[in-house]
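Written out below as structure tokens is the structure these notes cover.
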């Protein structure tokens, strides 16, 4: 379960769902390994994963590597057995987890207890603050550059109008020279931000010349106005080149592929498929709520009386979409509901079996959520459902 979530995280696909799947794995192993020393590692990992989701923390490469290191500890437990749970959590790993928990800025009793244990006070900054600083260091995004280019075009147009009005007047004076110079300073700064450093420097030199007009009793000459007009025309051309930058052949090909995908996605068949997936997701959400109520009510079967029918409906949707593997897994889920959960004489280990069954449902839900515009889904996600049903004695016979 953890590895499926980690794979999605590394690929940056379904990030929140991937984090939620990893957190579910941490909660489960924390429960089964308590009170051994290594339980502390699962607890801290669970808290950080929760903070990553709720505080929308940045998914940096270093954080992916951190969760990868936790995966290695998990694999060590799998290979060495229960004795591995007696190991002290790696100090460096714990230190990094605690730092990120503190950095998240999330407020909860558990978070406060952990930070208090290590004598850590609230930081003067959080992950979002650091993210803003990183963005500033990385420079503006392409969207920001295009937005600023449009602002520049507007400012240059207004400035040229002021200059034109001055040239057509008898005195050739600019009514508010300080405001005019202020606008030019603003344009120079924006040019620098969007990467047009050379035009920005040319304009700054021009501003120095314009400031001397204050000392001229007769105002600027026609030649001075013409020079400034030529500079503004040059800047206008530079901004236009930025705004209408050409795509490389590779980018154009990628754009064509995206366009083709969008055409496919807009087809009636694709739209119908999306509706089917939405209905299936609603059915699985209903199933999860029913299972939760079933567990909370000390296994009152009244709460799950209709989930076999609901799961069969979801199975029908998978058959419509030609997702045979998922349909076969859902058929086994229905068998489990009918033969185990609805049995008036439930097994002793019903609680554990119910959790394992919930893992299978979550896996299928994750599978549905992986659907792309072309209705392709990540078949590897179903491995968790297969393993869960296998543990319940409901494995699929043969290959599907």
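The values are calculated or read from the model by the stated rules, or taken from the named source; none is laboratory data. Bear in mind that the values here come from a model prediction, so they are computed numbers and not experimental data. Cβ atoms come from the backbone with ideal geometry, glycine included; neighbour counts cover every protein chain shown.
Taking segment 154-197, which residues are on the phi > 0 side of the Ramachandran plot and over 37 Å from the mean Cα position of the chain (by Cα)? Before you say what the answer is, go through the steps one by one.
Within segment 154-197, the first condition is being on the phi > 0 side of the Ramachandran plot, and the residues that meet it are 172, 195.
172, the sole residue that qualifies.
Look through 313, 287 and report the one residue that is surrounded by 13 or more Cβ atoms within 10 Å (Cβ to Cβ), more than 25 Å from residue 24 (Cα to Cα) and at pLDDT 90 or above.
Details: 287 fails: more than 25 Å from residue 24 (Cα to Cα).
Selected residue: 313, the only one of 313, 287 that is surrounded by 13 or more Cβ atoms within 10 Å (Cβ to Cβ), more than 25 Å from residue 24 (Cα to Cα) and at pLDDT 90 or above.
Can you list residue pairs whose Cβ atoms sit under 9 Å apart, with the first residue in segment 330-358 being without any contact (Cβ under 8 Å) to a residue 24 or more places away in the chain and the second being crowded, with 18+ Cβ neighbours inside 10 Å? Count only pairs 6 or more apart in sequence or on different chains.
331/311; 331/315; 339/394; 347/353
Just to be sure before I move on: is residue 351 under 22 Å from residue 384 (Cβ atoms), surrounded by fewer than 14 Cβ atoms within 10 Å (Cβ to Cβ), modelled with pLDDT under 95 and not assigned by TED's automatic domain parsing to the domain that holds residue 32 in the structure I sent? Before you say what the answer is, go through the steps one by one.
Working: under 22 Å from residue 384 (Cβ atoms): yes; surrounded by fewer than 14 Cβ atoms within 10 Å (Cβ to Cβ): yes; modelled with pLDDT under 95: yes; not assigned by TED's automatic domain parsing to the domain that holds residue 32: yes.
Answer is yes for this residue.
Considering every residue within segment 200-209, establish whether at least one is at pLDDT below 80, surrounded by 12 or more Cβ atoms within 10 Å (Cβ to Cβ) and assigned by TED's automatic domain parsing to the domain that holds residue 179. Steps first, please.
Start the filter on segment 200-209 by keeping residues that are at pLDDT below 80, which leaves none.
Among the residues of segment 200-209, not one is at pLDDT below 80, surrounded by 12 or more Cβ atoms within 10 Å (Cβ to Cβ) and assigned by TED's automatic domain parsing to the domain that holds residue 179, which makes the answer no.
Taking the residues in segment 207-221 that are part of a helix (DSSP H, G or I) and touching a helix residue (DSSP H, G or I) at 6+ places or on another chain (Cβ under 7 Å) as candidates, determine which candidate is nearest to residue 187 (Cα to Cα). So that I can check it myself, show each step before the final result.
At the first step, the residues of segment 207-221 found to be part of a helix (DSSP H, G or I) are 207-215.
Okay, now just the ones that are also touching a helix residue (DSSP H, G or I) at 6+ places or on another chain (Cβ under 7 Å), so 207, 210-211, 213-214.
Values: 207: 11, 210: 15, 211: 16, 213: 19, 214: 21 Å.
Looking at residues that are part of a helix (DSSP H, G or I) and touching a helix residue (DSSP H, G or I) at 6+ places or on another chain (Cβ under 7 Å), I get 207.
Go through (1) assigned to a loop (DSSP other than H, G, I, E, B); (2) surrounded by 12 or more Cβ atoms within 10 Å (Cβ to Cβ) for residue 122 and report which single condition fails.
Against the list (1) assigned to a loop (DSSP other than H, G, I, E, B); (2) surrounded by 12 or more Cβ atoms within 10 Å (Cβ to Cβ), residue 122 comes up short only on (2).
Test each condition in (1) modelled with pLDDT of 85 or more; (2) outside the structural domain of residue 299 (by TED's automatic domain parsing) for residue 398 and report the one that comes out false.
(1)
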